[in-house]
Amino acid sequence: ASTSSEPETDAAVSSSEGRPLTIVTAETISELRGYVAVTSPDQPPFQRMVWMFRPGGSLVSRSDREIRRGTGPYPLLMTAGRFMFSGGNGWMFDIDLVEGPTMFGTNRSLIPGAEQGLVWFARGRGPTGNFPWVAPVDVESLTVGERVDITDVFTHPVVGVADGLIVVPVDQETYGRFAYWSPAGGLAPIGLRDPSQEIVVGASGNLIVVALRGGVSIFDISSGEYVSSFRFDFGEAVTSACLSPDREHVAVVGSNGGAIVGNTTSGEIIGLGGEYHYHEVEGSIQREHGVGWTANDQVVFIVGEENAKHLFVSDISSGADFHMADLDGQGEWWLAASGSMC
């Protein structure tokens, strides 16, 4: 049997049908092993709401700050016990959403660092313009480091890796479509086999996930070697990839809404293939901002139908899946989870 739970919130919000926006099933209560945040930036009045599922399944929400569309490739991040988002400034909640948000810097985009507790601020010239500077942020102390001028070096930061960032270089003839940049060493080639074609779709620690010709490969930037590869029909392209906290698994989503979870060492594919089915729900994985990890072996993801979205949890070690919530409305939802910055 399942039960419904209304969010504990300072602003009651219901769907147009009058029922609670989020419905949590009883089977999930003891299964969730990390924090999961969801928000809908394009559904008034829900764009001011953040719902936080806490370990064990309890749920809180807040509406202090609007999370807007167009704030970079990572609109939501969770790391080091903080929930962070950008809206022209850097904003932070404690992960339990007990206190109101804190503003601690001017930026336009948040970029995840290679490790928990490190993110990067970046400031662009308009919503889609190039970025003139980046700055490292120590999340625990909310300390913003020195701004580094990257004008004429790279146009966009992509994701943190090793001691720096994967970036889109200005000089792509020399470096390819993507390069590695660090404050100490500057710009350097990554070392990919085909730097003009391979697309970086995710990273964590020293590992980079690259997509090329119907598959993905895991590349270790410290050793300069490919660790493993996966073959998969991703539709037109791979849209996102998210490494687990221990970096032993990766969840990959394609433009057709199909998804896989693969072992980064062996290359074994172990779950989430093609369309996802759960009782009456049939749909595809949300292509962007729709996958995260709560623990090393627990992945959470949004499945979209024509008129609704659904939040699922999958324990990849046991193969058990849980339908955690229904997300009303036809608009896009964003997801962030505490295990990985994706």
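The values are calculated or read from the model by the stated rules, or taken from the named source; none is laboratory data. In this text the structure is predicted, and so the values were computed from the model without any measurement. Cβ: placed from backbone, ideal geometry, glycine included. Neighbour counts: every protein chain shown. Accessible surface is based on the protein model in full, side chains and every heavy atom, while ligands, DNA and RNA are left aside. Shrake-Rupley method; radii C 1.70, N 1.55, O 1.52, S 1.80 Å.
Here are the numbers:
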| read-out | value |
| --- | --- |
| Complete set of residues in the range 105-119 that are open to solvent by less than 10 Å² (accessible area, probe 1.4 Å) and in a strand (DSSP E or B) | Ser109, Leu110, Ile111, Pro112, Val119 |
| Residue count, the range 305-315 (criterion: touching a Phe, Trp or Tyr at 6+ places or on another chain (Cβ under 9 Å) and either closer than 13 Å to Val38 by Cβ or without any contact (Cβ under 8 Å) to a residue 40 or more places away in the chain (or both)) | 5 |
| Residue match in the range 243-255 (condition: out of contact with any strand residue (DSSP E or B) (no Cβ under 7 Å at 6 or more places or on another chain), open to solvent by 40 Å² or more (accessible area, probe 1.4 Å) and farther than 22 Å from Pro136 by Cβ) | yes |
| Only one of Ile270, Ile260 that is outside any loop (DSSP other than H, G, I, E, B), at pLDDT below 90, more than 22 Å from Trp333 (Cβ to Cβ) and not acidic (Asp, Glu) | Ile270 |
| Selected residue (criterion: surrounded by the most Cβ atoms within 10 Å (Cβ to Cβ)) from residues of the range 316-342 that are modelled with pLDDT of 90 or more and assigned to a strand (DSSP E or B) | Ala337 |
| So Ala37, is it part of a strand (DSSP E or B), within 19 Å of the chain's Cα centre (by Cα), of a type in the set (A, V, I, L, M, F, W, C) and at pLDDT 85 or above | yes |
| Check on Val170, buried (at least 22 other Cβ atoms within 10 Å of the Cβ) and more than 19 Å from Leu77 (Cβ to Cβ) | no |
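Here's the yes/no breakdown for (1) buried (at least 16 other Cβ atoms within 10 Å of the Cβ); (2) charged (D, E, K, R); (3) at pLDDT below 90:
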{"position": "Pro183", "(1), (2), (3)": "no, no, no"}
{"position": "Ala188", "(1), (2), (3)": "no, no, no"}
{"position": "Val200", "(1), (2), (3)": "yes, no, no"}
{"position": "Ala203", "(1), (2), (3)": "yes, no, no"}
{"position": "Arg213", "(1), (2), (3)": "no, yes, yes"}
{"position": "Val216", "(1), (2), (3)": "yes, no, no"}
{"position": "Val227", "(1), (2), (3)": "yes, no, no"}
{"position": "Arg231", "(1), (2), (3)": "no, yes, yes"}
{"position": "Gly235", "(1), (2), (3)": "yes, no, yes"}
